[in-house]
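The values are calculated or read from the model by the stated rules, or taken from the named source; none is laboratory data. A quick note: this is a predicted structure, and the numbers were derived from the prediction, not measured. So basically every Cβ, Gly included, is an ideal-geometry build from the backbone, and we count neighbours across all protein chains shown. We work out accessible area using only protein heavy atoms, side chains counted, and drop any ligands, DNA or RNA first. Shrake-Rupley method; radii C 1.70, N 1.55, O 1.52, S 1.80 Å.
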Amino acid sequence: MIPANTRGPGGIVVRYGAADAAHVLSVYADLRCPYCKRMELGLGAVLEQAADEGKFAVDHHFGTFIDGSAGGSGSLEALAALGAAADEGQKAFMHYLRALYADQPSEDVDAFADRDVLLGLAAEVQALHTDAFRQKVMDRTYLPWAAQVAAAFEASGVRSTPTVLIDDTPVPVINSLGYAVTPEAFLAAATPP
């Protein structure tokens, strides 16, 4: 099965924004990556608003390499739950993504491997208060899809997260101190002329 609001072969990219957007912001991330959390908390709402305004669509590419390096399966399990959220709509996906990052455990704690934890975080997103979402998370409906998404990330050549590109041009999202750049700096670099 492939979630809604996805693109590419096997639905390996989750799209937020217009299907026919003139510009595409590609975001490469791992749900257990602490720098991805910093980017999301600093810039996630900015990305969402810019996409809502039609400046670009956001294509999300997810890796699960922290599962391999730190141990566990939390990145993969959280990604499968995000697939279920994508079925509930683009806003549900974005808001659940933000909830996951807001309560992201430290890299050495595999809390996202626990489906009860994933469902607890979904309680913060009104659109995910559905039996269908809950059942998909509990049944791990999108675990095979999540594995395909992770394999595509691995084959992409991207080796660090977060990596962000606007129409294939790199956009800085983390500053020299390891925190998100300002929204103004991000939009200046990410908004095509």
query = Any idea what angle helix 143-155 forms with the longest principal axis of the chain, computed on alpha-carbon atoms, 0 to 90 degrees, nearest 10?
reply = 30 degrees
key: Residues whose placed amide H lies under 5 Å from that of Ile174, excluding near-sequence neighbours   = Val181
For the stretch 1-92, size of Cβ-based charge dipole, Lys and Arg +1, Asp and Glu -1, in debye = 180 debye
message = Quick check for me: using +1 on Lys/Arg Cβ and -1 on Asp/Glu Cβ, what's the dipole size of the stretch 27-158 about its Cα centre, in debye to the nearest 20?
response = 140 debye
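Carbon and sulfur atoms: what percent of the 1.4 Å accessible area of the chain do they account for? Walk me through the numbers before you get to the answer.
Numbers: 4600 of 8450 Å².
Here carbon and sulfur together make up 54 percent of the probe-accessible area.
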request  = Rank by packing, highest mean first: peptides 6-16, 102-112, with packing defined as the count of other Cβ atoms within 10 Å averaged across residues.
outcome  = 6-16, 102-112
query = Taking Cα atoms, how many degrees apart are the long axis of helix 34-52 and the longest axis of the chain, rounded to 10 and kept between 0 and 90?
reply = 70 degrees
key: For Ile66, net neighbour charge (Lys/Arg +1, Asp/Glu -1) across residues whose Cβ lies under 14 Å away   = -4
note = With every protein chain kept in place and a 1.4 Å probe, the chain has an accessible area per residue in Å² of 44 Å²
